[in-house]
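Written below as structure tokens is the structure these notes are about.
The values are calculated or read from the model by the stated rules, or taken from the named source; none is laboratory data. Here the structure is a predicted model, which means the values were calculated and not measured. Heads up, the Cβs are rebuilt from the backbone with ideal geometry, glycines too, and the neighbour counts pull from every protein chain shown.
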Amino acid sequence: MKKMTKKSLEEAFAGESMAHMKYLIFAETAEKEGKKNIAKLFRAIAYAEFVHAKNHARNLGYIGDTVSNLDAAISGETFEVEEMYPAYLAIAKLQNEKGAEMSFNYAIEAEKIHSKMYTDAKNAAEKGEDADIENVYVCPICGYTHIGKEPPERCPVCNAPAEKFVKF
């Protein structure tokens with residue numbers, strides 16, 4: 001692929017990915033405000049942006065088999081924990097941005113767990129097996145992720161109660 005086409009696809013992938021996430025967040029806000037049809041519109045268009053991002057990712061060669069996808073996920077999570085978020089956290093501390101500090105700390109703690117979960121899943125996939133997972137619970141405050149029959153009584157990162165966790 002030619003350099004400029006690749007750069008264009010990468011930028012389009014980033015833009016579509018960001019739009020997808022923003023629209024899902026906007027849908028959540030509209031839902032909380034009782035605007036169910038606007039929430040539906042945001043979710044539908046978020047899905048369209050996801051389709052665009054997926055097409056760009058496919059053309060960029062980002063999508064492989066499960067083991068290679070898990071490798072990419074582990075690499076991404078490790079980069080976030082070891083390099084990206086520590087650098088962002090240092091900037092936030094330097095500039096005394098407490099909200100950003102909290103956001104980055106939450107992300108670092110959750111990403112550590114995600115990397116381990118992906119590593120465990122990769123070990124199973126390399127054996128031709130599926131991961132042994134009952135339920136997955138995610139804290140909607142900090143992103144802490146837990147695998148088990150029930151969520152923890154309280155989030156170990158932000159102390160949110162079990163009933164707040166989202167079950168997958």
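Based on what the data block shows, is residue 122 within 14 Å of the chain's Cα centre (by Cα), of a type in the set (Lys, Arg) and either outside the structural domain of residue 165 (by TED's automatic domain parsing) or at pLDDT 95 or above (or both)? Considered against the rule, which asks whether it is within 14 Å of the chain's Cα centre (by Cα), of a type in the set (Lys, Arg) and either outside the structural domain of residue 165 (by TED's automatic domain parsing) or at pLDDT 95 or above (or both), residue 122 comes out as no. Is it the case that some residue within the range 90-97 is free of Cβ contacts under 8 Å to residues at least 60 places away in the same chain, under 18 Å from residue 146 (Cβ atoms), out of contact with any Lys or Arg (no Cβ under 8 Å at 6 or more places or on another chain) and acidic (Asp, Glu)? No, the range 90-97 contains no residue that is free of Cβ contacts under 8 Å to residues at least 60 places away in the same chain, under 18 Å from residue 146 (Cβ atoms), out of contact with any Lys or Arg (no Cβ under 8 Å at 6 or more places or on another chain) and acidic (Asp, Glu).
Taken residue by residue, the range 62-83 has at least one member that is out of contact with any strand residue (DSSP E or B) (no Cβ under 8 Å at 6 or more places or on another chain), surrounded by 15 or more Cβ atoms within 10 Å (Cβ to Cβ) and not in a helix (DSSP H, G or I). The C-beta contact set for the range 52-69 (first residue over 19 Å from residue 16 (Cβ atoms), second residue surrounded by 14 or more Cβ atoms within 10 Å (Cβ to Cβ) and among the aliphatic types (A, V, I, L, M), distance under 6 angstrom, 6+ apart or interchain) comprises 66/125; 67/125. May I ask you to verify whether residue 165 is among the aromatic types (Phe, Trp, Tyr) and under 30 Å from residue 64 (Cα atoms)? Judged against the criteria, residue 165 is not a match.
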